[in-house]
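Student: Attaching a single structure in structure tokens format; questions to follow.
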């Protein structure tokens with residue numbers, strides 16, 4: 001009788017273990033997110049770096065980036081200079097619209113301008129990933145409060161030589 005109880009306890013334990021492990025199994029329908037970055041190199045940023053997005057051509061016409069006239073597949077491609085529907089997460093989640101200005105960074109990346117983030121981060125964003133990026137940008141900006149900004153104010157003491165050196169290096173680099 002004692003042996004029977006042991007076997008039954010082992011079966012219960014094995015069943016509970018299998019149920020617990022099933023909870024940790026990877027989901028077959030895992031969500032995919034697009035990475036959010038910021039760019040403004042001062043030279044190749046179209047339309048004076050207005051509020052817009054660029055992304056790799058491989059994203060155009062997908063569930064992540066498409067013409068807003070359709071929200072189901074097959075997705076039409078975004079047209080440069082027009083509004084584009086951007087979904088930050090797969091499954092048509094965390095979507096927003098922005099002006100599309102062409103190809104750009106690495107795959108699965110939306111590269112927005114500072115002007116876009118300035119508008120999008122004015123209040124709480126409706127998209128979780130965008131709000132996370134806005135929080136990161138606010139924290140980074142706080143670190144810079146009170147520091148001297150030679151780019152914004154090149155005439156400040158100690159900035160003149162630094163700005164002249166940067167302009168000379170830029171002039172040398174531009175032909176390359």
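The values are calculated or read from the model by the stated rules, or taken from the named source; none is laboratory data. Being a predicted model, the structure only gives us computed values, none of them experimental. When we count neighbours, we look across all protein chains shown, and the Cβ atoms used for this are built from the backbone with ideal geometry, even at glycine.
Student: Only one residue in 58, 27, 44 is modelled with pLDDT under 85, over 23 Å from residue 117 (Cα atoms) and either outside any loop (DSSP other than H, G, I, E, B) or out of contact with any strand residue (DSSP E or B) (no Cβ under 6 Å at 6 or more places or on another chain) (or both). Which one?
Tutor: 27
Student: Quick check: is even one residue across the stretch 158-167 touching a strand residue (DSSP E or B) at 6+ places or on another chain (Cβ under 7 Å) and surrounded by 13 or more Cβ atoms within 10 Å (Cβ to Cβ)?
Tutor: No: zero hits.
Student: If you scan the stretch 137-155, which residues turn out to be surrounded by 13 or more Cβ atoms within 10 Å (Cβ to Cβ) and either modelled with pLDDT under 90 or under 30 Å from residue 64 (Cα atoms) (or both)?
Tutor: 137
Student: Here's another thing I want to ask about it. Out of everything in the stretch 48-103 that is at positive phi and touching a residue at least 24 places away in the same chain (Cβ under 8 Å), what residue ends up being surrounded by the fewest Cβ atoms within 10 Å (Cβ to Cβ)?
Tutor: Selected residue: 91.
Student: Of everything in the stretch 61-72, what is within 12 Å of residue 84 (Cα to Cα) and either out of contact with any strand residue (DSSP E or B) (no Cβ under 8 Å at 6 or more places or on another chain) or not in a strand (DSSP E or B) (or both)? Give them in sequence order.
Tutor: Within the stretch 61-72, 61, 62, 63, 64, 67, 68, 69, 70, 71 qualify.
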